[in-house]
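The structure appears below as structure tokens.
The values are calculated or read from the model by the stated rules, or taken from the named source; none is laboratory data. Nothing here was measured: the structure is a model prediction, and the numbers come from that model. We place every Cβ from the backbone using ideal geometry, glycine too, and count neighbours over all the protein chains shown. In case anyone asks, the SASA skips ligands and DNA or RNA and just uses the protein heavy atoms, side chains included. Shrake-Rupley method; radii C 1.70, N 1.55, O 1.52, S 1.80 Å.
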Amino acid sequence: MGSGGWSRRRFVGALAGGAAVAALPSCDDAPAPATDPATAPEASASPSGGDRRPSGPRPLHLGTYTSAEGGGKGIGLATYDPGTGRITGAGTIGGVGDPSYLAVHPDRRTLYAVDERDDGAVTAVRLSDRKVLGSRSTGGAAPCHLSVHPGGRWLLSANYGSGSVAVHPIDASGALGERTDLVRHSAPPPGPGQEGPHAHQVVTSPDGGHVLAVDLGTDSVHTYRLDEKAGRLTEVARARTRPGAGPRHLTFHPGGRYAYLANEVDNTVAVCSYDKASGRVAVGEAQSTGTGRGSNYPAQILVTANGRYAYLANRGHNSLTRYAVEAQGARLRLLDTVPVGGDFPRQIAFSPEGTLLFAANQKSSTVTVFHVDETDGGLRRTGESFPSPVAVCALPL
């Protein structure tokens, strides 16, 4: 691949020899999901505590590396039982290269995927008939994360290989227009062991006022304001982690004043404070992941909608760390680690009601599912793992 950082990303996520791979049925014209995504409940970060009771099979979309040995043929399609967590394969959406991360529009009508390649792109897929609406260049290499701005008019993406953030307009059909902005992280200087910036995530703050980009290569979190008319980003603040932390993924507490940062390189997490008025982020002290001395690369961190528990995916230790969230979000207290039941959990996601947690395990090519206990945050495996080629993202709707 192009840059040294992109090569390192592939190295860290390299497939284990002999990993079991069972392909989903490869049929682009497979029946549509039983539940219309446009009418599915709005996704939440975790258990809502509400009275909603899910019924019937629900859609599950799966990201993969199509260029990897044993990889998928496109975006994997499946359904899951919201009560038992059982997953059933339902085909593949072809025509999308290396769709390693997925996001859905707020109206649930359009799915977006990164094309994680040297000539990076983002692709839109209409969910009602699974029609690929087209792709647009991100202007950078190896886009690895994307998110839809809450207003539904802009798609944000992070180019890992070139350390930049792109903005694309979304039209009324869900299709993407030409890129309106591309911001490269030219400062601060790269952290220890890094040769340049590596934008790993881009998200909007809960108040909707700022866009935050996490950069692993420069040990930093950039805060931007988005001009919602022109689709352009203006940097307003920048926070630094400790040197060599390698921040990868940030998730906000539902209260909006605090966020939790997973640091891939030094195997830590940190509590961050967030100022809504200025957009400034202050990164707290590094904390343990509970994984011991072996090699471990934290991936994604989630926090429950009731704000009481947080979960961290550990690649290497192959576990999920459970934290108690205290002091209205200001503290994390490590509770335990639970085996994930797979190899190299690249990404985790809650079901819309937050009663299930899905883990996409890259090296074992599996997705594991857990029941989430709303009382104590405990995790319990639902059953056998679901085979999914080079599983790097699971998006339940």
TODO: Please give the number of the condition ASP336 fails out of (1) touching a Pro at 6+ places or on another chain (Cβ under 7 Å); (2) open to solvent by 10 Å² or more (accessible area, probe 1.4 Å).
DONE: (1)
TODO: Could you check, for region 121-132, whether at least one of its residues is aliphatic (A, V, I, L, M), crowded, with 21+ Cβ neighbours inside 10 Å and touching a helix residue (DSSP H, G or I) at 6+ places or on another chain (Cβ under 6 Å)?
DONE: yes
Task: Residue in region 202-213 that is free of Cβ contacts under 8 Å to residues at least 12 places away in the same chain and surrounded by fewer than 24 Cβ atoms within 10 Å (Cβ to Cβ) present - done: no
Open item on the list: With the requirement that a residue be in a strand (DSSP E or B) and either open to solvent by 10 Å² or more (accessible area, probe 1.4 Å) or on the phi > 0 side of the Ramachandran plot (or both), what does region 300-321 give you?
Closed with: GLN300, LEU302, TYR309
Open item on the list: Is it the case, given these coordinates, that ARG293 is part of a strand (DSSP E or B) and more than 28 Å from PRO57 (Cα to Cα)?
Closed with: no
Task: Failed item in (1) farther than 21 Å from THR64 by Cα; (2) in contact with a Ser or Thr (Cβ under 7 Å, 6 or more places away or on another chain); (3) crowded, with 24+ Cβ neighbours inside 10 Å, with GLY354 passing the rest - done: (3)
Task: Test result for PRO143, open to solvent by 20 Å² or more (accessible area, probe 1.4 Å) and in contact with a Gly (Cβ under 9 Å, 6 or more places away or on another chain) - done: no
Task: Residue within region 220-234 that is surrounded by fewer than 24 Cβ atoms within 10 Å (Cβ to Cβ), within 19 Å of ASN296 (Cα to Cα) and either modelled with pLDDT under 95 or among the aliphatic types (A, V, I, L, M) (or both) present - done: no
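Taking the condition polar (S, T, N, Q) and in contact (Cβ under 8 Å) with a residue 60 or more places away in the chain, does THR289 pass?
no
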Task: Single condition PHE370 does not satisfy, out of (1) touching a Ser or Thr at 6+ places or on another chain (Cβ under 7 Å); (2) open to solvent by 10 Å² or more (accessible area, probe 1.4 Å) - done: (2)
- [ ] Would you point out which residue out of ALA259, ALA245 is crowded, with 23+ Cβ neighbours inside 10 Å, among the aliphatic types (A, V, I, L, M), in contact with a Ser or Thr (Cβ under 8 Å, 6 or more places away or on another chain) and farther than 20 Å from PRO197 by Cβ?
- [x] ALA259
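So that you can scan it fast, the table gives a plain yes or no per residue for (1) out of contact with any His (no Cβ under 9 Å at 6 or more places or on another chain); (2) within 23 Å of ALA359 (Cβ to Cβ):
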| site | (1), (2) |
| --- | --- |
| THR204 | no, no |
| VAL211 | no, no |
| VAL221 | yes, no |
| LEU226 | no, no |
| LYS229 | yes, no |
| THR251 | yes, yes |
| LEU261 | no, yes |
| GLY279 | no, no |
| THR291 | no, yes |
Open item on the list: Cβ-Cβ under 6 Å, sequence separation 6+ or interchain: first residue in region 248-261 and assigned to a strand (DSSP E or B), partner among the aromatic types (Phe, Trp, Tyr) and surrounded by 23 or more Cβ atoms within 10 Å (Cβ to Cβ). Which pairs?
Closed with: THR251/TYR260; ALA259/TYR274
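Here is a yes/no grid of residues against (1) open to solvent by 10 Å² or more (accessible area, probe 1.4 Å); (2) at pLDDT 95 or above; (3) not β-branched (Val, Ile, Thr):
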{"residue": "TRP154", "(1), (2), (3)": "yes, yes, yes"}
{"residue": "ALA166", "(1), (2), (3)": "no, yes, yes"}
{"residue": "ASP171", "(1), (2), (3)": "yes, yes, yes"}
{"residue": "VAL183", "(1), (2), (3)": "yes, yes, no"}
{"residue": "ALA187", "(1), (2), (3)": "yes, no, yes"}
{"residue": "PRO192", "(1), (2), (3)": "yes, no, yes"}
TODO: Test ALA282 against the criterion of being farther than 20 Å from HIS149 by Cα and open to solvent by 20 Å² or more (accessible area, probe 1.4 Å), and give yes or no.
DONE: yes
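Would you check which residues across region 146-168 are aromatic (Phe, Trp, Tyr) and either assigned to a loop (DSSP other than H, G, I, E, B) or within 15 Å of HIS222 (Cα to Cα) (or both) and list them?
If the condition is that a residue be aromatic (Phe, Trp, Tyr) and either assigned to a loop (DSSP other than H, G, I, E, B) or within 15 Å of HIS222 (Cα to Cα) (or both), then TYR160 is the only one that fits.
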Task: Whichever residue in region 85-120 is buried (at least 24 other Cβ atoms within 10 Å of the Cβ) and small (Gly, Ala, Ser) and, among such residues, is nearest to GLY152 (Cα to Cα) - done: ALA113
Task: Residue check, ASP343 under 19 Å from the mean Cα position of the chain (by Cα), surrounded by fewer than 21 Cβ atoms within 10 Å (Cβ to Cβ) and farther than 24 Å from GLY56 by Cβ - done: yes
